[in-house]
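For reference, the structure discussed in these notes is given below.
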There are 2 protein chains.
Amino acid sequence: MANHRMLSAKPLPRDIDALPQPYLLFLGDVTEPAYAKTAFGLRDWARERCIGEFACEAATVTTGLPFLTPIQAHAQGARTLVIGVANSGGVIPPQWIAALIQAMDAGLDVVSGMHARLEDIPVLRAAALRLGRRLIDIRRPPSGIAIASGRRRSGKRLLTVGTDCALGKKYTALALARAFVARGVDADFRATGQTGILIAGGGIPMDAVVSDFAAGAAEMLSPDAADGHWDVIEGQGSLFHPAYAGVSLALLHGSQPDVVVVCHQPGRERVLGHPDYLLPSIEETIELAVRLGRRTQPAIRCGGVSLNTSHLEERDALRLLAAESERLGCAVADPLRDGAAFERLVTDCLA
Amino acid sequence: MANHRMLSAKPLPRDIDALPQPYLLFLGDVTEPAYAKTAFGLRDWARERCIGEFACEAATVTTGLPFLTPIQAHAQGARTLVIGVANSGGVIPPQWIAALIQAMDAGLDVVSGMHARLEDIPVLRAAALRLGRRLIDIRRPPSGIAIASGRRRSGKRLLTVGTDCALGKKYTALALARAFVARGVDADFRATGQTGILIAGGGIPMDAVVSDFAAGAAEMLSPDAADGHWDVIEGQGSLFHPAYAGVSLALLHGSQPDVVVVCHQPGRERVLGHPDYLLPSIEETIELAVRLGRRTQPAIRCGGVSLNTSHLEERDALRLLAAESERLGCAVADPLRDGAAFERLVTDCLA
């Protein structure tokens with residue numbers, strides 16, 4: 001897999017190639033796997049940079065990588081503790097502090113993609129100063145973002161949109177970008193969240209941009225490009241999400257996607273963390289994304305559907321993908337299961 | 001008009017009653033009246049606090065208030081120069097700097113609602129320090145905004161939504177809040193932009209909130225209230241705006257309005273500042289606001305339409321309002337023209 005190939009030819013504002021590597025992944029005290037998506041994303045898409053995992057005693061989630069204390073990890077070459085958890089609100093809870101200081105004591109820098117800034121926590125700041133460690137916040141948008149112009153840009157764009165958060169928009173975009181490149185198509189993965197930025201080495205943390213500039217940030221993220229070039233953009237949130245729909249709409253408008261791929265997790269019926277809210281259907285999500293996206297990209301179309309079937313047996317998953325494809329009348333694939341369904345999705349997106 | 005009555009009984013995070021008054025309104029070098037809406041808003045809704053206006057030579061827009069140099073204004077009692085212009089992007093252009101320093105030289109503090117912070121411009125900062133003046137940025141959101149919960153709140157809410165920016169959403173909300181109070185209904189105007197905040201003495205600058213928290217800010221702005229209480233919330237942007245639709249959607253979701261009133265300026269055909277974009281129709285705007293708003297407030301309905309007919313003769317305006325009411329099948333009024341049409345709009349909103 002040509003990870004390097006997926007970096008933008010035209011450098012984007014953020015460049016974190018200089019982050020000290022390899023990483024020790026920190027899982028905090030997390031008990032809900034969906035909140036550990038940064039750790040899972042790094043394990044799956046940047047495995048070569050991850051030495052192991054570390055967590056508070058209360059944590060029940062694991063990446064499957066070896067559990068190492070910061071001292072053990074440092075002895076094996078780790079240089080940075082990466083906070084691999086993205087809880088709602090992006091705060092750093094008090095019960096993590098001891099573990100973060102333990103990591104710095106062991107010789108590791110700390111990288112965070114949370115909203116809360118490491119530098120703003122006095123005890124962490126003091127420990128970093130005392131020990132000569134770096135506190136690195138990657139969820140800081142670049143400066144110089146302009147208000148969106150709405151001007152159409154050259155090149156092609158694909159955006160993943162979801163029925164909810166945390167169900168496969170980033171994985172789908174990464175897999176599609178890889179598959180495009182494998183077919184000889186000039187393509188870049190464009191990261192919009194902390195995990196994607198850590199994986200890709202660049203991008204803009206969309207949800208940290210001041211709301212007036214959110215669509216402008218999306219325009220900046222996928223600039224004018226050659227006619228045959230594709231930007232494959234990581235979606236955020238959902239147009240139906242009671243907290244994040246505004247971010248999703250700004251990203252849709254600013255991205256001006258030629259193609260959207262709708263991402264869903266079969267069986268998820270309620271919005272993660274908002275159990276009073278039912279998930280929209282796949283059809284509603286396609287219809288609303290195309291309708292709203294048409295405002296800035298009249299040629300927008302749905303290239304197909306991506307289902308996260310990680311909780312199903314292979315046979316059941318393949319049966320479901322085929323049935324959903326039949327029912328919806330479009331390509332339906334799980335990008336993490338190779339095969340004909342995914343190849344059809346790639347073909348339909350590029351069509 | 002009981003301005004004080006419209007302040008929230010439950011104090012909101014920002015309180016700018018302590019702003020030094022009265023004001024001298026600064027028009028910069030503006031030649032497009034729509035960009036001077038802060039100055040016009042203060043003239044129309046807080047006239048008693050405005051001594052006069054001041055501008056660069058290139059300006060062609062006027063509020064009709066007496067033109068005063070900062071020295072003249074200070075001699076007449078002015079204490080603050082209020083930047084009355086809201087250009088796209090919220091930047092303070094270099095050609096304003098001399099005028100702002102002139103004001104500080106004359107003894108005035110400077111208040112800004114722009115995105116750019118006065119404090120961040122070294123030459124202004126230095127002048128303020130040297131002269132002992134204050135640089136006050138009101139476009140700074142309160143701290144402690146949470147991610148939106150989507151939980152339904154008690155009390156009633158009305159949100160003005162627009163076909164575009166700068167065509168009457170704030171005026172409509174102010175007029176409706178006044179009219180509600182005049183009918184003995186317990187109501188508060190809730191400001192979401194810099195002008196509204198200057199007028200009301202409180203509010204949250206929605207477009208300056210980090211996008212992940214925008215819907216949460218809207219929830220904070222109209223907290224739980226008594227059953228018969230109405231929050232009348234100033235809308236922002238438009239769900240069809242290529243740059244600001246995300247802000248509008250976050251405000252719609254977080255406000256959970258029982259009633260929306262759609263605001264439009266007859267004759268405006270293209271998005272202000274984005275001439276490639278046609279304005280949506282009133283019907284499309286009603287339909288989309290109700291459809292998207294239903295996600296967090298299933299009982300949402302359109303209470304009627306507000307038309308900004310300031311460019312029409314009275315007779316033509318009244319004829320248009322009647323015709324549009326007939327065509328759309330709902331109350332259509334210009335809140336700045338008293339009369340039966342506006343009374344019907346108020347009645348239908350409260351129904």
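Here the spin labels are modelled as points 7 Å beyond Cα on the Cα-Cβ line, and at A:ARG183 and B:ALA146 they lie 4.6 nm apart. When all alpha-carbon pairs of the protein assembly as shown are counted, what percent fall beyond 49 Å? Percentage above 49 Å: 18. For the pair the stretch B:229-267 / the stretch A:193-233, the C-alpha centres are spaced 26 Å from each other. Expressed as a fraction of 2.2 N^0.38 Å, the value expected for a compact globular protein of N residues, the C-alpha radius of gyration of the stretch A:84-124 is 1.11. FRET efficiency for the A:ASP276 to B:ARG319 pair, using the beta carbon distance and R₀ = 45 Å, is estimated at 0.45.
The Rg/Rh ratio of the stretch A:258-320, with Rg taken over Cα atoms and Rh as the Kirkwood radius over Cα pairs, comes to 1.05. For A:GLY52, the residues whose modelled amide H falls within less than 5 Å of its own, excluding neighbours fewer than 5 places apart on the same chain, are A:LEU25. So for chain B, what percent of the C-alpha to C-alpha distances run longer than 26 Å? That tail contains 48 percent of the Cα-Cα pairs. Computed over the alpha-carbon atoms, the stretch A:156-350 gives an Rg to Rh ratio of 0.94, Rh here being the Kirkwood radius from the mean inverse distance. Per-residue ellipticity at 222 nm computed for the protein assembly as shown from its helices equals -9500 deg cm²/dmol, with DSSP H segments shorter than 4 residues left out and the rest contributing -39,500 (n - 2.57). Give me the distance between the Cα centres of the stretch B:116-168 and the stretch A:86-113, rounded to whole Å. One Cα centre to the other: 31 Å.
Taken residue by residue and averaged, Cβ atoms of other chains lying within 10 Å of the Cβ of B:79-89 number 1. Among B:LYS169, A:LYS156, A:LYS170, sorting on how many other beta-carbon atoms sit within 10 Å of each Cβ, with the fewest leading, yields A:LYS156, A:LYS170, B:LYS169. Relative to the Cα centre, the charge distribution of chain A, modelled as +1 at Lys and Arg Cβ and -1 at Asp and Glu Cβ, gives a dipole magnitude of about 740 debye. Which of A:GLN256, A:GLN297, A:GLN95 moves the most in a Gaussian network model of chain A with Cα springs under 10 Å? Highest fluctuation of the listed residues: A:GLN95.
Inter-copy label distances at B:GLN95, using a point 7 Å along Cα-to-Cβ, come to 5.9 nm with the shortest given first. Listed peptides A:317-330, B:98-111 appear in the order B:98-111, A:317-330 once ranked by packing, highest mean of other Cβ atoms within 10 Å at the front. With the dipole of the protein assembly as shown worked out from charges on the C-beta (+1 for Lys and Arg, -1 for Asp and Glu) around the Cα centre, which of B:GLY77, B:HIS229, B:TRP45 lies farthest toward the positive end? So the residue we want is B:GLY77. For A:THR347, the label point sits 7 Å beyond Cα toward Cβ; its separations from the matching points on the remaining copies run 6.4 nm, from shortest to longest.
Across the identical copies, the label point of B:ARG117 (7 Å from Cα in the Cβ direction) is separated from its matches by 0.9 nm, in order from shortest. Inter-chain Cβ neighbour count for A:301-313, averaged per residue, equals 0 (cutoff 10 Å, partner chain atoms only). Inter-label distance, B:GLU119 to B:ALA98: 2.9 nm, where each label sits 7 Å from its Cα along the C-beta direction. When every Cα-Cα distance of the stretch B:14-137 is counted in 5 angstrom steps from zero, the calculated P(r) takes the values 2, 12, 24, 27, 22, 11, 2 percent.
Mean per-residue shielding of peptide B:199-212 is 5, counting Cβ atoms of other chains within 10 Å of each Cβ. In this Cβ point-charge picture (+1 for Lys and Arg, -1 for Asp and Glu), the protein assembly as shown has a dipole of about 640 debye about its Cα centre.
Laboratory data are not the source of any read-out in this text; all were calculated from the coordinates shown. All figures in this text were calculated on a predicted structure; none of them were measured in a lab. Note: ideal-geometry Cβ built from the backbone for every residue, glycine included; neighbour counts use all protein chains shown.
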